[in-house]
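Undergrad: Mind looking over this structure? Questions follow.
The values are calculated or read from the model by the stated rules, or taken from the named source; none is laboratory data. Just so it is clear, the structure is predicted and the values come from calculations on it, not from any experiment. Cβ coordinates were reconstructed from backbone atoms using ideal geometry, including for glycine residues, and neighbour counts include every protein chain displayed. To get the accessible areas, we keep the full protein, side chains included, count just its heavy atoms, and leave off ligands, DNA and RNA. Shrake-Rupley method; radii C 1.70, N 1.55, O 1.52, S 1.80 Å.
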Amino acid sequence: MPGTDASRRLLAPADDTRPITLWGSSSMSSEGGDEGTPLPIRIHEHLALAAAPAVVHPFGVGATRSAHALLMRGLERPRLVPDPDATIDAAAVTDAAGATGAAAVTAVHLEPALPPQGPLRCPGDVDGVAGILDGTSGTWRFMADDPAAVLTPGTFRSALTAVADSSRQVLWLGKNNILEVEAVLEHTQRMWDATAHPAEDSLVLGHWPTFNDATGSSTGEALTEVNTEQASRYGDHFVDLQHLLTSEEGLTSAPIAHLQLMEQGSTHDALAQGVTPPLLVAEDHIHLNGWGNLLVSWAIGQRMRELRWI
């Protein structure tokens, strides 16, 4: 069959092609990716093209912490308890399909407690009652698929487990709780261990230093500690994004070579502080822009090829 290796794989896919799930928070969901570049750059979209015909599931949710990934992955199965005294305007609730008031809505809390963060919506069931665990309002509520359902206390099980169990995965967990170093390491390890073939099925992404994570800062030190430990644990299954985004080697690599970052005074000012150059960072200073996402997507794709995932 003529063409490139990639085109041959696309036209004659391997029988053992496996899906890939992406877990993390706002960096994984490419917040800021619509800045800087002529067109928005979303990491999951680039990986979907690189991995085709494998399916890529983007499960990154902005503002979440590493514990929320365990909930979504089904590794934590909390007790979900209705709050009968709470009031919800069901007519104002939008269900997962986008229809207003199409589900039975119950205010709930989780035991053990886990505060809702960001636009988190997780499909699952409570002892057989299917629905969506929704934290987008700042409080937990469960929206049952059946409008006639009556919710009683029970165990919440994420429906995403069924997708994840057969997948390889990319893990980018814990930036929002990076000061909890041991928790970030533990949660990432639990996600790693949950795959079918733990030594082969995960790619762990290191955290990159924002303007708030300069050398000597508490978050900068925690970030480096997490990255150093994960590099030691996971070897070739770890992508060192801290190095990628703060080294001449990374900043002159093919996807962004035309930006000539090493010729910019702002780049050298950033590197002196141990942080990512501003030309790769969104205006909020805490997310990558399109160019930053392009570089990260390229690095992930390169490593996936080396691991023969794609």
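Undergrad: Say we look at region 246-303 and pick out the residues that are in a helix (DSSP H, G or I) and β-branched (Val, Ile, Thr); which of these is most open to solvent (accessible area, probe 1.4 Å)?
TA: It comes out as Thr246.
Undergrad: Hey, any hits in region 223-238 for a residue that's outside any helix (DSSP H, G or I) and over 14 Å from Val275 (Cα atoms)?
TA: Checked region 223-238: at least one residue is outside any helix (DSSP H, G or I) and over 14 Å from Val275 (Cα atoms).
Undergrad: Return only the number of the condition from (1) in a helix (DSSP H, G or I); (2) open to solvent by less than 70 Å² (accessible area, probe 1.4 Å) that Pro209 does not satisfy.
TA: Against the list (1) in a helix (DSSP H, G or I); (2) open to solvent by less than 70 Å² (accessible area, probe 1.4 Å), Pro209 comes up short only on (1).
Undergrad: Test Gly135 against the stated conditions and say whether it is free of Cβ contacts under 8 Å to residues at least 24 places away in the same chain and either crowded, with 21+ Cβ neighbours inside 10 Å or more than 22 Å from the chain's Cα centre (by Cα) (or both). Quick ask: steps written out before the conclusion?
TA: On the way: free of Cβ contacts under 8 Å to residues at least 24 places away in the same chain: yes; either crowded, with 21+ Cβ neighbours inside 10 Å or more than 22 Å from the chain's Cα centre (by Cα) (or both): yes.
Spelling it out, Gly135 is indeed free of Cβ contacts under 8 Å to residues at least 24 places away in the same chain and either crowded, with 21+ Cβ neighbours inside 10 Å or more than 22 Å from the chain's Cα centre (by Cα) (or both).
Undergrad: Among the residues of region 162-176, how many are among the charged types (D, E, K, R) and assigned to a helix (DSSP H, G or I)? Spell out how you get there, then give the answer.
TA: Within region 162-176, the subset among the charged types (D, E, K, R) is 165, 168, 175.
From the residues that got through so far, the ones that are assigned to a helix (DSSP H, G or I) too are 175.
The qualifying residues number 1.
Undergrad: What are the residue pairs meeting all of these: first residue in region 236-250, first residue under 16 Å from Gln260 (Cβ atoms), second residue modelled with pLDDT under 95 and buried (at least 19 other Cβ atoms within 10 Å of the Cβ), Cβ atoms under 6 Å, and 6 or more apart or on different chains?
TA: Close Cβ pairs (under 6 Å, with a partner that is modelled with pLDDT under 95 and buried (at least 19 other Cβ atoms within 10 Å of the Cβ)) do not exist here.
Undergrad: Moving to a separate point now. Scan region 151-176 for residues that are open to solvent by less than 40 Å² (accessible area, probe 1.4 Å), under 22 Å from His237 (Cβ atoms) and of a type in the set (S, T, N, Q) and jot them down.
TA: Thr161, Ser167, Gln169
Undergrad: Name the residue, out of Leu244, Leu171, that is in the same structural domain as Gly301 (by the TED database), under 30 Å from Cys122 (Cβ atoms) and not aromatic (Phe, Trp, Tyr).
TA: On inspection, the qualifying residue turns out to be Leu171.
Undergrad: Another question, if that's okay. Can you name the number of the only condition in (1) without any contact (Cβ under 8 Å) to a residue 60 or more places away in the chain; (2) surrounded by fewer than 22 Cβ atoms within 10 Å (Cβ to Cβ); (3) under 16 Å from Leu173 (Cβ atoms) that His68 fails?
TA: With (1) without any contact (Cβ under 8 Å) to a residue 60 or more places away in the chain; (2) surrounded by fewer than 22 Cβ atoms within 10 Å (Cβ to Cβ); (3) under 16 Å from Leu173 (Cβ atoms) applied to His68, the lone miss is (2).
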